[in-house]
Amino acid sequence: ICFTLLFPVFAVAIDVQLSGISVNDTTDDLLLSLKVEGAFNEKLEEAVLNGIPATFSFFIILNRVRTAWADEQIIELNVTHTLKYHNLKNHYIIKKSWQDNKPIIAESFDEAKKVMSEINNLKVVPLKKLRKETRYQITAKAELDKVQLPFILNYILFFASLWDFETEWHSYEFVY
């Protein structure tokens with residue numbers, strides 16, 4: 001208690017959650033959409049504006065739900081979104097690993113945060129790998145990768161760990 005009274009910056013908790021998890025399909029693929037809420041706190045925003053890249057990692061698991069046996073894992077995916085501020089051009093560059101890391105340019109920080117925090121229509125698995133009339137469960141979580149600072153800055157910016165977050169696992173069940 002004394003430590004948090006003397007150093008209130010350590011008492012701040014980051015409440016980050018996944019929301020809007022939905023599953024859709026095309027004629028060939030199962031698609032996932034979701035959103036991270038509450039990921040950008042003041043210190044993370046300040047770090048990005050100072051040129052430190054931020055990377056969100058998303059962990060996604062698709063299981064076939066079975067009642068008498070343990071669930072069968074169909075696929076496990078790890079995808080990343082990376083945000084970097086280009087201060088000479090005054091814009092933000094977002095790269096998504098599942099979109100071949102093609103740069104997405106955002107002119108405002110609000111737009112960059114929105115693009116960074118959303119997954120829209122990620123191809124999870126081809127439909128031919130799923131069985132009709134079968135229950136499936138997608139579980140997902142997100143985390144901010146640890147910020148790697150130059151060695152000397154680790155001592156100056158010892159509070160960089162406050163930028164780190166990890167959401168709880170969130171599940172979504174559906175029948176294909």
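We did not get these values from a lab; they are worked out from the coordinates using the rules stated. Given the structure is predicted, the values throughout are model-derived calculations rather than measurements. Please note: Cβ atoms are built from the backbone with ideal geometry, for glycine as well, and neighbour counts cover all protein chains shown.
The modelled label-to-label distance for the pair GLU45/GLU173, using points 7 Å beyond Cα in the direction of Cβ, is 4.0 nm. Between GLN99 and ASN121, the distance separating the two model label sites (each 7 Å from Cα on the Cα→Cβ line) works out to 1.1 nm.
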